[in-house]
1. Give me a count of the residues in the range 1-27 that are closer than 21 Å to residue 95 by Cα and assigned to a loop (DSSP other than H, G, I, E, B).
2. Which residue pairs have Cβ atoms closer than 6 Å, lie 6 or more positions apart in sequence or on different chains, and pair a first residue in the range 12-24 that is in the same structural domain as residue 47 (by TED's automatic domain parsing) and without any contact (Cβ under 8 Å) to a residue 12 or more places away in the chain with a second residue that is surrounded by fewer than 17 Cβ atoms within 10 Å (Cβ to Cβ) and assigned to a helix (DSSP H, G or I)?
3. Hey, does the range 37-56 have a residue that's surrounded by 14 or more Cβ atoms within 10 Å (Cβ to Cβ), closer than 18 Å to residue 13 by Cα and at pLDDT below 90?
């Protein structure tokens, strides 16, 4: 499910803005906008209102999940897809692609070990 950062990014791109454009228009640092979109920080309400106004949407559009996303909340997740998410974090730190691949490899090994063990029991 897309969080606030993803909705901010989509709204910005829908208007054809680069992060540097938005930062210059609103008088903020590009690094702040990047942190909002990566969900490393949350914008305060006045900033959120300025962003929504610039993007031509309501603040509630940024805060409320998409109805389709809401509908899919209970849908099964493919772990492989989750591990490919760039915004995946552990202990508050974003995981690099290499770290995500290492975790994937470990999980694959554990899975096949369990399958082998279960096959020996059956």
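The values are calculated or read from the model by the stated rules, or taken from the named source; none is laboratory data. Bear in mind the structure is a predicted one, so any value in this text is a computation, not a measurement. We place every Cβ from the backbone using ideal geometry, glycine too, and count neighbours over all the protein chains shown.
1. Of the residues in the range 1-27, 3 are closer than 21 Å to residue 95 by Cα and assigned to a loop (DSSP other than H, G, I, E, B).
2. 20/30; 23/30
3. Taking every residue of the range 37-56 in turn, none turns out to be surrounded by 14 or more Cβ atoms within 10 Å (Cβ to Cβ), closer than 18 Å to residue 13 by Cα and at pLDDT below 90.
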